[in-house]
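Quick notes on the structure that follows.
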Amino acid sequence: MTLATLLILAAALIGIGLYGAFSQQSFVMLMMGLELILNGAMLAAVSFWALTGGGAPEGQLLTIIVMAVMAIEMAMGFALVISVYRAKQADMTEALDGLKQ
Amino acid sequence: MSAVDIVFFINAAIAIYAGWRVFVTDSMVRASFFLLVSFLAVGVIMLLLAAIYLGVALFFMMAVEMMVMALFMVMFMMNPAGLNPMKMVHQEKVAIGVGVVAFVALGAVALFGEFPSRPVPEGLEPVVSLGHELLGDSMLVFESAGVTLLATMIAVVMLTSHKGRYGDANEGSQPPGLEPGGDPADKPPEDEGGGHHHHHCH
């Protein structure tokens with residue numbers, strides 16, 4: 001378990017997440033892609049903290065912030081899904097081509 | 001190869017496989033559980049890296065979050081049980097290209113970048129040091145995260161409320177049909193009997 005293997009794992013998670021975020025039509029699947037990206041980002045932050053930071057606590061703090069971002073992303077995402085669904089009866093990104101009135 | 005390495009490689013394989021399966025499985029609910037498995041594997045790796053608080057927090061947070069996500073899947077998505085083949089993607093080639101380029105670029109940084117080697121010291125208690133950091137120097141950051149989460153809660157309630165800015169948020173919207181393009185689900189046909197009509201106009 002070296003820093004290189006950890007970062008390659010994080011890169012793989014970020015790559016898969018980017019694929020999901022760019023390719024999925026459904027809002028919730030798109031959010032899953034974003035979550036996977038943040039998963040990789042958290043892993044990279046913890047890896048740097050554990051192997052290069054010399055035990056400085058800021059690496060863990062960064063990860064906590066990413067976790068908070070994740071919670072916010074999910075809560076706001078679901079709220080927006082509900083709003084869009086109410087307005088357009090749709091849960092697909094294609095339905096948002098006409099947001100402006 | 002030590003036991004820690006073996007556990008790491010098993011969990012790394014699980015994390016990548018489950019993360020990939022999220023976007024190719026036929027069932028939306030299964031997709032959310034695959035994402036949960038991916039997060040749990042990363043949580044185990046965090047525990048291996050001595051980030052005890054973060055690993056455990058990730059377990060609890062993701063377990064709850066993926067349950068909520070599975071519920072939303074059942075509420076909003078078709079095919080929750082994965083009974084039919086299903087693929088809902090657009091611009092797939094571009095997406096694959098972006099993913100591969102990101103992986104190659106970040107992997108190159110991982111392989112060829114030079115990082116200092118300063119592992120966590122032996123005597124360090126990671127949870128205690130994080131607690132001192134959070135409740136001392138980084139109190140403002142921690143409290144900002146709390147206030148941001150509160151603002152998120154208020155915004156979520158506002159966005160999902162039935163009461164919109166200009167009256168009823170549901171006004172004009174109709175439930176979806178039972179079949180694509182069909183009539184709204186809860187409205188009986190206009191010419192049906194009339195027995196359900198209420199006559200309040202006296």
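The values are calculated or read from the model by the stated rules, or taken from the named source; none is laboratory data. Predicted model only: the values in this text are computed from it and were never measured. Every residue, glycine as well, gets a Cβ built from its backbone with ideal geometry; the counts of neighbours run over all protein chains shown. For the accessible areas, the whole protein counts, side chains as well, though only heavy atoms, and no ligand, DNA or RNA atoms are used. Shrake-Rupley method; radii C 1.70, N 1.55, O 1.52, S 1.80 Å.
Laid out as a table, the results:
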quantity	calculated
Degrees between helix A:27-51 axis and first principal axis of chain A (Cα, 0 to 90, nearest 10)	10
Stokes-Einstein diffusion coefficient of chain A, Kirkwood radius over Cα pairs, 20 °C, 1.002 mPa s, in µm²/s	142
Where B:L135, A:L34 fall by accessible area, highest first, once all protein chains stay in place (1.4 Å)	B:L135, A:L34
At R0 = 41 Å, FRET efficiency that the Cβ-Cβ distance of A:A87 and B:F142 yields, to 0.05	0.65
Only Lys, Arg (+1) and Asp, Glu (-1) charged, at Cβ; chain A dipole about Cα centre in debye	140
Scattering profile of the protein assembly as shown at q = 0.09, 0.10 Å⁻¹ [log10 I(q)/I(0), Debye over alpha-carbon scatterers]	-0.53, -0.64
Burial order of peptide ranges A:14-26, B:93-105 (average beta-carbon count within 10 Å, highest first)	A:14-26, B:93-105
B:V7 paired with B:F115, simple spin-label distance in nm, labels 7 Å along Cα-to-beta-carbon	2.0
For residues of B:47-55, the mean tally of beta carbons on other chains within 10 Å	5
In Å², nearest 10: area of B:R118 left accessible to a 1.4 Å probe	130
Mean Cβ neighbour count within 10 Å, used as a protection proxy, ranking A:42-51, A:79-88, A:61-70 highest first	A:42-51, A:61-70, A:79-88
Fraction in percent of alpha-carbon pairs per bin - 5 Å, segment B:1-78	3, 18, 21, 22, 16, 10, 6, 2, 1, 0
Counted charge near A:M74, where neighbours are those whose Cβ lies closer than 14 Å (Asp, Glu -1; Lys, Arg +1)	-3
Solvent-accessible heavy-atom area per residue, rounded to whole Å², over segment B:1-130 at 1.4 Å	54
Cα gyration tensor category, rounded, prolate or oblate, for segment B:1-42 with a/c compared to 1.5	prolate
Between B and A, accessible area buried - total, square angstrom, nearest 100, 1.4 angstrom probe	6900
Against the rule of thumb 2.2 N^0.38 Å, how large the Cα Rg of segment B:1-158 comes out	1.30
Net charge dipole size for the protein assembly as shown [Lys, Arg +1 and Asp, Glu -1 on Cβ; Debye, nearest 20]	320
A:E58 - accessible surface, heavy atoms, 1.4 Å probe, Å² rounded to 10	100
